[in-house]
Amino acid sequence: MSHISTGVEYALHCLLFISDPQGKVTDASVRDLSELQGVPFDYVAKLFTKLHKAKLIIATEGAKGGIRLARPPQEISVLEVVDAIDGRKKLFDCKEIRNRCAVFEENPPSWASSGLCAIHALMIEADDKMREVLAAQTLAGLASQFGRKAPPEFGLQVTRWLGDRSSRRII
């Protein structure tokens, strides 16, 4: 099982479309974002509920409503999105198996069980580094990297597609 869920991937992809560094797309409906990416609406709606609770997005209700970022994309870290969707979970859950060595006959000596074991210490360090990397990357930075890979016409196509959908919503 992966540490970071598929929900984080879907949420980040959705947020990239409303994090346009050029400001062409600033809001969209959950339905439009789900259809744009071929992800079930109910699933995306649950993700956006979590993002809303974390105060990362603002939702406007009604036929002309939509989702927009609560702060500029350069002020929202990828770590905030990960924590909003998956919660703050540890990379490693130590089971203290060092205390179960058969040689100890269910009575481990203090030298074997005292302090933090080397494996657990390494996993804490790895978790800290992962969180540091995710905290350093913002939606704006991620959007600019995404934009470098896609041809310029893709951004225009998405903007046009979302704009057409928005203009057809009934008040």
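Every read-out reported here was derived from the displayed coordinates using simple, explicitly stated rules and does not represent laboratory data. A quick note: this is a predicted structure, and the numbers were derived from the prediction, not measured. As a convention, Cβ positions derive from the backbone with ideal geometry for all residues, glycine included, and neighbour counts pool all protein chains shown.
Roughly how many debye, to the nearest 20, is the charge dipole of the stretch 77-171 about its Cα centre, given +1 on each Lys and Arg Cβ, -1 on each Asp and Glu Cβ, and no other charges?
So the dipole magnitude of the stretch 77-171 works out to roughly 640 debye.
If you line up the long axis of helix 6-17 against the longest principal axis of the chain, both from Cα atoms, how many degrees apart are they, to the nearest 10?
30
Relative to the longest principal axis of the C-alpha atoms of the chain, give the angle of the C-alpha long axis of helix 139-149, reported between 0 and 90° and rounded to the nearest 10°.
Between helix and principal axis, roughly 70 degrees.
Does the stretch 126-171 come out rounded, prolate or oblate, given a ≥ b ≥ c as the square roots of the eigenvalues of its C-alpha gyration tensor, rounded meaning a/c under 1.5 and, failing that, prolate meaning a/b above b/c?
oblate
Counting other Cβ atoms within 10 Å of each Cβ, which GluC sites (Glu not before Pro) in the stretch 37-100 have at most 14 and sit in a DSSP loop?
Counting only loop positions with at most 14 other Cβ atoms within 10 Å, the GluC sites (Glu not before Pro) in the stretch 37-100 are GLU61, GLU96.
First check a/c for the stretch 30-144, with a ≥ b ≥ c the square roots of the eigenvalues of its C-alpha gyration tensor; if it is under 1.5, answer rounded, and if not, answer prolate when a/b is larger than b/c or oblate otherwise.
prolate
Going through the cross-link list LYS50/LYS90; LYS50/LYS149; LYS50/LYS95; LYS55/LYS89; LYS90/LYS149; LYS50/LYS89, which pairs have a Cα-Cα distance over 26 Å in this structure?
Result: LYS50/LYS149; LYS50/LYS95; LYS90/LYS149 exceed 26 Å.
Pairing the Cα long axis of helix 41-53 with the longest principal axis of the chain, what angle in degrees results, from 0 to 90 and rounded to the nearest 10?
Taking Cα atoms only, the helix is inclined about 70 degrees.
Have a look at VAL103, GLY87, GLN145 and report the one farthest towards the positive end of the charge dipole of the chain, computed about the Cα centre with Cβ charges (Lys/Arg +1, Asp/Glu -1).
GLN145
Calculate the dipole size of the chain relative to its Cα centre from +1 charges on Lys and Arg beta carbons and -1 charges on Asp and Glu beta carbons; express the result in debye to the nearest 20.
It works out to roughly 580 debye.
What shape does the stretch 29-91 have by the C-alpha gyration tensor, where a ≥ b ≥ c are the square roots of the eigenvalues, rounded means a/c under 1.5, and otherwise prolate means a/b greater than b/c and oblate the rest?
It comes out oblate by the Cα gyration axes.
Could you name the aspartates and glutamates whose alpha carbon sits less than 13 Å from that of LYS46, not counting residues in the same chain fewer than 8 places away?
ASP86
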